[in-house]
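First the structure, in the form of structure tokens, and then the observations on it.
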């Protein structure tokens, strides 16, 4: 296995980030600084920043229907975490594309660093789909602004694809390929709307289907 793939699977980093760590001299194989294309085996000792790495024997990816009220971090700082919902064998998995405490729906967790990178890196533009309920009907002009021009936020322009689910316009299906922190909520907030509920149903080729809140499904 190439050294960058080994690091990606062991840490959840992207291969590009692994290549950067190698170039910076932060990686050692059997005590020596490796070249970028080095092949490693289970018999080799690989370290990153002095810490030994071991690639997972089996790559695991699961879907979780995250309920509202749970955070995605391991340390909930007083809040319940998604790991409270998971069996012990899944506690080593890392969430791909977080949902905030007050959002629900499809959350992927994996120990496959390559898959995690393919799902989150902007160049792959994986589409995510959400069901969003607003505190008041969205005005047609505001729908056009979000769809066609985007809304300027502190970290850049946010452009979402909106599809009306009901009349007069409280509920919307939102599609996006970005993944900035609380982007959907901040986009609507910039136009003086409050997102009452936000529920993710799709992430790339993965679909929540009929998975119940709190339930897990290997994929």
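No value in this document is a laboratory result; all are computed from the given coordinates. Keep in mind that this is a model prediction, so the values were computed, not measured. Reconstructed Cβ throughout: ideal geometry from the backbone, glycine too, with neighbour counts over all protein chains shown.
Extending 7 Å from Cα along the Cβ direction at residue 125 and again at residue 197 yields two label points whose distance is 3.2 nm. Pairs of C-alpha atoms in the stretch 175-219 farther apart than 18 Å represent 43 percent of all such pairs. Over the C-alpha trace of the stretch 127-203, radius of gyration and Dmax come out as 11.1, 32 angstrom.
The computed Rg and Dmax of the Cα atoms in Å for the structure shown corresponds, within (1) 20.0, 65; (2) 17.0, 54; (3) 18.2, 58, to (1).
Considering only 101, 128, 152, the Gaussian network model of the chain with Cα springs below 10 Å gives its largest mean-square fluctuation to 152. Using a Gaussian network model on the chain with a 10 Å cutoff between Cα atoms, which of 75, 100, 19 fluctuates the most? Ranking 75, 100, 19 by mean-square fluctuation puts 75 first. When the chain is treated as a Gaussian network with alpha carbon springs shorter than 10 Å, the biggest mean-square fluctuation among 204, 156, 35 belongs to 156.
Taking the square roots of five times each eigenvalue of the Cα gyration tensor of the stretch 18-143, the equivalent ellipsoid has semi-axes of 37, 19, 13 Å, listed largest first. Each Cα pair under 8 Å and six or more residues apart adds its sequence gap; the mean of these over the residue count of the chain is a relative contact order of 22 percent.
For residue 180 and residue 92, FRET efficiency with R0 = 35 Å and r from the beta-carbon atoms, rounded to 0.05? After rounding, the FRET efficiency stands at 0.85.
Helix-derived [θ] at 222 nm for the chain: sum -39500 (n - 2.57) over DSSP H runs of at least 4, divide by residue count, nearest 500?
-4500 deg cm²/dmol
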